[in-house]
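Quick notes on the structure that follows.
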Amino acid sequence: EAADSGTKLKHPVADVLGLAPIGTVRVEGPLGKKLDLYLEHRVWGRDTDKIIPFFRNHSDNNDWRGEYWGKWFTAAVLAYAYQPTPERLARLQENAREIIKTQDADGYLGTYDSQHRLTVWDVWCRKYVLLGLIAAFDLTGDQTVLEAACREADNMIDELERKKIKVVEVGVDVLQGVAHSSIIEPLALLYQRTGNTKYLKFAQSIIAQWNTPFKSAPDGIHLMDNALAGLLTTGIFATHAG
């Protein structure tokens, strides 16, 4: 059942800030009218039935269509929070159920077939799947959704560790691991919602990878060190000053 506007899920790791209760914020005037148009046509007007087959058939082994569902779903959850209706909630619940039906027995939930996992944009796409599932759990409190998210994360972590592949070495070399490192976000959110330190430790291990040499960055990328040192970026990001 859906959590009502007054319900807040209790997470093992508490957040400092929270969103306004569902349906309590309204934007008026020209900006509000533009927002209403956007939500009607760009969110609720989208045919998400066209996205699901890529997951069901694992038919996108070189591209990033696997990001589409999670991006739409997280936007739709925010849209629902702004303008909640029973019909929209039912659509979100059904959509989450449909995406979970495509999850493989080993926990993988994505658009790549087994031989192409952990290549090109797979980790990037899984990030959005996880963000969508977490948004669904936060909205409804449905434990089966959270379990699906955990199985997805566990599958990725276990395969990376078994194959001794670093997250920063997955994907497009020119990005030097930055895109796939953003998987840190849903891992941290899973840790917050489950209290399972496996997700926190793996997120921390990705940060550690930034400080060590890898294929596309012989000197590492040192994102956190550079940020804390207040260094300006050059190109995509700063090089290590040490």
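Of all residues in the stretch 59-84, those being farther than 15 Å from G132 by Cα, of a type in the set (D, E) and either in contact with a helix residue (DSSP H, G or I) (Cβ under 7 Å, 6 or more places away or on another chain) or free of Cβ contacts under 8 Å to residues at least 12 places away in the same chain (or both) number 1.
R65 meets each of the listed conditions (1) over 14 Å from the mean Cα position of the chain (by Cα); (2) under 20 Å from V172 (Cβ atoms); (3) open to solvent by 40 Å² or more (accessible area, probe 1.4 Å) apart from (1). Of the residues that sit in the stretch 43-58 and are in contact (Cβ under 8 Å) with a residue 24 or more places away in the chain and in a loop (DSSP other than H, G, I, E, B), which one is farthest from P84 (Cα to Cα)? Here the residue is H58.
Per the listing R46, R97, R42, the residue uniquely touching a Phe, Trp or Tyr at 6+ places or on another chain (Cβ under 8 Å) and of a type in the set (K, R) is R46. Annotation: of all residues in the stretch 171-211 being in a loop (DSSP other than H, G, I, E, B) and closer than 30 Å to D15 by Cα, the one that is nearest to the chain's Cα centre (by Cα) is I183. Taking the criterion of being small (G, A, S) and without any contact (Cβ under 8 Å) to a residue 40 or more places away in the chain, the residues of the stretch 89-113 that qualify are A90, A105. Quick one: in the stretch 86-116, which of the residues that are among the β-branched types (V, I, T) and assigned to a helix (DSSP H, G or I) is most open to solvent (accessible area, probe 1.4 Å)? Restricting to residues being among the β-branched types (V, I, T) and assigned to a helix (DSSP H, G or I), the top hit is I100. Selection of the stretch 117-141 for residues being part of a helix (DSSP H, G or I) and either open to solvent by 30 Å² or more (accessible area, probe 1.4 Å) or more than 19 Å from I184 (Cβ to Cβ) (or both) yields W124, Y128, A136, D138, L139, T140. Looking at L39, L9, just one residue is under 28 Å from I183 (Cα atoms), open to solvent by less than 100 Å² (accessible area, probe 1.4 Å) and at pLDDT 90 or above, and that residue is L39. The single residue among D154, D158 that is free of Cβ contacts under 8 Å to residues at least 12 places away in the same chain, more than 13 Å from the chain's Cα centre (by Cα), in a helix (DSSP H, G or I) and closer than 26 Å to D60 by Cβ turns out to be D158.
Condition check ((1) buried (at least 20 other Cβ atoms within 10 Å of the Cβ); (2) free of Cβ contacts under 8 Å to residues at least 12 places away in the same chain; (3) not acidic (D, E)) across all residues:
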residue	(1), (2), (3)
E147	no, yes, no
H180	yes, no, yes
Q192	no, no, yes
I207	no, no, yes
W210	yes, no, yes
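Scanning the stretch 212-235 for residues that are in contact (Cβ under 8 Å) with a residue 24 or more places away in the chain, surrounded by 12 or more Cβ atoms within 10 Å (Cβ to Cβ) and in a loop (DSSP other than H, G, I, E, B) returns S216, I221.
The values are calculated or read from the model by the stated rules, or taken from the named source; none is laboratory data. None of the values given here were measured: they were computed from a predicted structure. In this analysis, Cβ positions are derived from the backbone assuming ideal geometry, glycine residues included, and neighbour counts consider all displayed protein chains. Ligands, DNA and RNA are excluded from the accessible area calculation, which covers all protein heavy atoms including side chains. Shrake-Rupley method; radii C 1.70, N 1.55, O 1.52, S 1.80 Å.
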